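The values are calculated or read from the model by the stated rules, or taken from the named source; none is laboratory data. As the structure is a prediction and not an experimental result, all values here were calculated from the model. Neighbour counts run over all protein chains shown; Cβ positions are idealised from the backbone, glycine included. Side chains are part of the model used for accessible areas, which takes the heavy atoms of the whole protein and leaves out ligands, DNA and RNA. Shrake-Rupley method; radii C 1.70, N 1.55, O 1.52, S 1.80 Å.
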Amino acid sequence: MSNIIELKNVTKKFGGITALNKASLHVGAGEIVGLIGDNGAGKSTLIKTLVGVYSPDEGEILIRDQKVSSWTALKAREAGIETVFQDRALCPQQSIVWNIFMGKELTYPFGFVREKEQINEANRLIREIGFTSKLINADSPVGNLSGGERQGVAIARAIYNKAELIILDEPTNALSLNETQKVFDFVKNVKKSKRSVLFIGHNIYHVYDISDRFVILDRGEVVHQLTKNDVASPEELMKIMRDTIVQH
Amino acid sequence: MNKESSVINKIFHKNGRAFGSMGYFIILMLIFLIGAPEAWLRPNLHQSVFVMMPTLIFLVIPLVFLVASGEIDLSFASTYALAAYIFAILVKSGIDPALAILAGVISGAVVGALVGALIVYGRLSSLVASLGVLFLLRGLILVLTQSRSITMMDELENHWVYHLLVGNFYGFPMQMLWALAFVIFSYYLFNKHVFGIHIHHVGDNYVSAEQMGINVKAVKIKTFMFVGLGAGIAGIFTTLITYSFFPTQGFGYLLLALAAVFVGGTPYWGGLGTIAGAVFGVGVIAYMEVGVIAVGMSGVWRQFFNGLIILLALLGHRLHGDRVR
Ligand SMILES: Nc1ncnc2c1ncn2[C@@H]1O[C@H](COP(=O)(O)OP(=O)(O)OP(=O)(O)O)[C@@H](O)[C@H]1O
Ligand SMILES: [Mg+2]
């Protein structure tokens, strides 16, 4: 199976802190990978390096088995990778529709925006994500939304572009049970259409439920990788995680 | 609530800041009209506003873009003079005024881009760094000209480009039409074009903008460049109107232009801005400058009233609420 993306021995330092230490990770086509680890393990740093927001101090990044140089957030999106960042990456004073299309606006030649089309698509996505409040329309600023609704906007943005790889950094942590289920259904649909997901979560039951493979990160190092066949239950996964982290 | 009134409500809500500035402009005009109706009907009063308003518009509209992007610039007041100076020496050396105008405007844009690059790549505070550039460029002009003015009456008076840019169109000053075209162009650029939309995102939350693949540095440099371009256009229009370049040109517009941005309803914190509001902001400032004298008060009152109106306008715009996060 070919890889959509691969990190090889990537190191990332912030001043004195080594957030990633020779970390390697790959995501294959049609695969759902669960990335787990404690707070501060380096999960968010890893995905930001993966999508070109941070440039690594050492190591390399490969896209569809091709090494990339000068990797940027824009290039990652153009390569078919969409991310729901942990901080959601929204602009609160701007409208929902501008946030959904941020950085990837639908345009006419010369860069003028297809406003009607964007509004229609945004309204469709809002319905698909299932916003509860009837007052919400695509014109209202994101700053007026609740935490869960803002998360919905970030997820809608990632959905819209039909990406080959969708990276979700704790996508469910502000959502109700009902909405969480919707996110899982979405992840399963992505898999069905042979696309990939890299899922970060603190809830081991959730991660176990949807992932095909697990990567355990501890203090910037990938300490264990295992497939679903290696673990019988979420409890076992939790035990493995505890043991490897203690040994490490 | 019926549908029609909800649409009107929505328009008011979305453009509250612009309507606020329009309100100040109307109130100011009414005060002057009631205070000195005879002076108000004299055409020469409006004539001097018609010189000042286009100049301010070319300066203020790009500043709205810049403030919305989360930055500020002071150097434009010197860029203005530099562009005018380059235009003047080229005209004096026998180059066709139309080409000299082009060269002057381009030099304004280049200076703006350089200021932007200095601030973005040097990671400097735009307030302080552009203050430095303001003095540096003005100093350079004073040294180069030895404080001497340049008059170009003979070269410009009968040239087609003079009539095209600052002549009369059935009695209406051409520069007002160009300023209007600039406003319309800028409105679409700011609200309907990816450039303007990215400016909103960058000024609102540059970390988010960066994560979504927007090239924040490039957006900022281009915005500074637009400010330089506007300053260049402003400098050349004024020079054309008066047929002359003088080395202190533009300095007086520094604070007036900044005042017009904020009186116009663009908040200082970035992510928001209003082009229509800025036009009314310019109207307020321009009429303020001539109006105080027109109503028969002594010129010494002018700054006092300028200050008063800036403060009242800011208090009024506070009604539009705080920054949402
Ligand atoms: N921009 C930054 N500047 C400095 N240090 C950083 C930065 N980003 C992350 N770090 C540090 O790197 C380490 C890893 O952080 P990271 O956010 O990747 O952890 P995480 O695994 O995502 O944690 P969590 O589960 O809490 O989200 C932490 O010690 C953090 O303090
Ligand atoms: Mg994290």
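Please enumerate, by chain and number, the aspartates and glutamates with C-alpha under 13 Å from the C-alpha of A:Lys67, excluding those fewer than 8 residues away in the same chain.
In chain and number order, the partners are A:Glu6.
Can you give the percent of C-alpha pairs in region A:112-188 whose distance is more than 19 Å? Intermediate values should be presented prior to the final figure.
Numbers: 1036 of 2926 pairs.
Value for region A:112-188: 35 percent of Cα pairs lie more than 19 Å apart.
Could you give the angle, 0 to 90 degrees to the nearest 10, between helix A:115-129's Cα long axis and the longest principal axis of the Cα atoms of chain A?
Once rounded, one gets 50 degrees.
Kirkwood Rh and Cα-based Rg: tell me the resulting Rg over Rh for region A:124-248, rounded to two decimals. Don't skip to the end; give the middle numbers.
Numbers: Rg = 16.6 Å, Rh = 16.1 Å.
That ratio is 1.03, to two decimals.
Mind checking the angle between helix A:147-160 and chain A's longest principal axis? C-alpha axes, 0 to 90 degrees, to the nearest 10.
Relative to chain A, helix A:147-160 is tipped by roughly 90 degrees.
Suppose we look only past 22 Å in the calculated P(r) of region A:1-112. What percent of the Cα-Cα pairs does that tail hold?
So the portion of pairs separated by more than 22 Å is 40 percent.
For region A:60-105, what does the convex hull of the Cα positions come to per residue, in cubic angstrom? Before the final figure, lay out the partial values.
On the way: hull volume 4.3 nm³, N = 46.
Cα convex hull per residue, to the nearest whole number: 94 Å³.
What are the ³J(HN,Hα) couplings of region B:175-186, residue after residue, when phi is run through the Karplus curve with 6.51, -1.76, 1.60 and θ = phi - 60°? Round to Hz, x for glycine and proline.
Using θ = phi - 60°, the values come out as 4, 5, 5, 5, 5, 4, 4, 4, 5, 5, 4, 5 Hz.
With the other protein chains left in place, how much accessible area per residue, in square angstrom, belongs to region A:67-143 at a 1.4 angstrom probe?
On the way: 3690 Å² over 77 residues.
Solvent-accessible surface per residue comes out at 48 Å².
Charges on Cβ only, +1 for Lys and Arg, -1 for Asp and Glu, centred on the Cα centroid of region A:87-189; of A:Ser146, A:Ile159, A:Tyr108, which one is farthest towards the dipole's positive end?
A:Tyr108
Quick one: check the C-alpha center-to-center distance for region B:147-196 versus region B:256-325, whole angstrom.
Answer, in whole Å: 24.
Could you work out the helix-only [θ] at 222 nm for the protein assembly as shown, with each DSSP H run of four or more residues adding -39,500 (n - 2.57) and the total divided by the number of residues, to the nearest 500 deg cm²/dmol?
Helices in the protein assembly as shown give a 222 nm mean residue ellipticity of -18500 deg cm²/dmol.
Hey, can you list the residues from region B:190-231 whose accessible area shrinks by 30 Å² or more with all protein chains present, relative to the chain by itself (probe 1.4 Å, no ligands or nucleic acids)?
Buried by 30 Å² or more upon assembly, which counts only protein chains, are B:Lys192, B:His193, B:Val194, B:Ile197, B:His200, B:His201, B:Asp204, B:Ser208, B:Gln211, B:Met212, B:Gly213.
Only protein chains counted, 1.4 angstrom probe. Which residues of region A:97-111 are at least 50 Å² less accessible in the assembly than when their chain is isolated?
Listed by number, the residues meeting the 50 Å² cut-off are A:Trp98, A:Met102, A:Glu105.
Just to check, using Stokes-Einstein with a Kirkwood Rh over alpha carbon pairs, what's the diffusion coefficient of region B:16-122 at 20 °C and 1.002 mPa s in µm²/s?
Numbers: Rh = 17.0 Å.
After rounding, the answer is 126 µm²/s.
Please compute the modelled spin-label separation between B:Leu315 and B:Leu102, points set 7 Å along Cα→Cβ, answer in nm with one decimal.
Result: 5.2 nm between the two label points.
Just name one of B:Ser149, B:Leu127, B:Val115: the one whose Cα is farthest towards the positive end of the charge dipole of region B:24-150 (beta-carbon charges, Lys/Arg +1, Asp/Glu -1).
B:Ser149
Can you list residues whose amide H is under 5 Å from A:Gly80's amide H, if they're 5+ apart or on another chain and H is modeled 1.01 Å from N?
none
Note the direction-averaged projected area, equal to a quarter of the hull surface, for the Cα convex hull of the protein assembly as shown, in nm².
Working: hull surface 127.0 nm².
Mean shadow area of the hull around the Cα atoms is 31.8 nm².
Please get the size of the charge dipole for chain B, origin at its Cα centre, with Cβ charges of +1 on Lys and Arg and -1 on Asp and Glu, quoted in debye to the nearest 20.
Values: 17 positive and 12 negative charges, 156 e Å.
Computed about the Cα centre, the dipole is about 740 debye.
Looking only at other chains, what is the average number of their beta-carbon atoms within 10 angstrom of each beta-carbon in B:286-295? It would help to have the intermediate numbers written out before the result.
Numbers: counts 0, 0, 0, 0, 0, 0, 0, 0, 0, 0.
Per residue, the average neighbour count from other chains is 0.
Express the carbon and sulfur contribution to the solvent-accessible surface of region B:82-219 as a percent, rounded to the nearest whole number, probe 1.4 angstrom. It would help to have the intermediate numbers written out before the result.
Numbers: 4680 of 6790 Å².
Its accessible area is 69 percent carbon and sulfur atoms.
Percent of accessible area on chain A owned by carbon and sulfur, 1.4 Å probe?
Values: 5630 of 11130 Å².
With neighbouring chains kept in place, the figure for chain A is 51 percent.
List every residue whose amide H lies under 5 Å from the amide H of A:Glu221, counting only residues 5 or more places away in sequence or on a different chain, with H placed 1.01 Å from N in the peptide plane.
A:Asn21
Within region A:25-40, what residues put their amide N at less than 19 Å from the label point 7 Å along the Cα-to-Cβ vector of A:Lys188?
Label zone hits: A:30-34.
Return the FRET efficiency for the residue pair A:Ala174, B:Leu144: r is the Cβ-Cβ distance, R0 is 56 Å, and the value is rounded to the nearest 0.05.
On the way: r = 61 Å, r/R0 = 1.08.
Taking R0 as 56 Å, the efficiency between A:Ala174 and B:Leu144 is 0.40.
Compute the length gained on full extension between B:Thr151 and B:Tyr187: take 0.36 nm times their separation in residues and subtract their Cα-Cα distance, giving the result in nm to one decimal. All intermediate terms of the calculation are to be shown ahead of the outcome.
Details: separation 36, 0.36 × 36 = 12.96 nm, distance 3.51 nm.
Stretched out fully, the B:Thr151 to B:Tyr187 stretch lengthens by 9.5 nm.
Please compute how much accessible surface disappears when A pairs with B, both sides summed, using a 1.4 Å probe, and round it to the nearest 100 Å².
Values: alone 12310 and 16010 Å², together 25900 Å².
Chain pair A/B: roughly 2400 Å² of buried accessible area.
Mind checking the per residue accessible area of chain B for me, 1.4 Å probe, whole number of Å²?
On the way: 14770 Å² over 325 residues.
Ligands and nucleic acids excluded, the result is 45 Å² per residue.
I'd like the orientation of helix A:234-247 relative to chain A: the angle between its Cα long axis and the longest Cα principal axis, in ° from 0 to 90, rounded to 10.
Taking Cα atoms only, the helix is inclined about 60 degrees.
Provide a whole-number value for the mean count of partner chain Cβ atoms within 10 Å of the Cβ atoms in peptide A:178-184. Write down the numbers at each step before the final one.
On the way: counts 0, 0, 0, 0, 0, 0, 0.
The shielding value for this peptide is 0.
Report the extension gain between A:Asn229 and A:Ile17 in nm, rounded to one decimal, defined as 0.36 nm multiplied by the number of residues separating them, less their alpha carbon distance.
Details: separation 212, 0.36 × 212 = 76.32 nm, distance 3.52 nm.
That works out to 72.8 nm of additional length.
Running a GNM on chain B with Cα contacts under 10 Å, which residue among B:Phe262, B:Phe226, B:Phe32 ends up with the highest mean-square fluctuation?
Its mean-square fluctuation being the largest, the pick is B:Phe32.
How big is chain B by Rg and Dmax over its Cα atoms, in Å?
Over chain B's Cα set, Rg and Dmax evaluate to 20.0, 68 Å.
When only Cα pairs under 8 Å and 6 or more residues apart are kept, what is the percent relative contact order across chain B?
Numbers: 504 pairs, mean separation 112.3, N = 325.
Answer for chain B is 35 percent.
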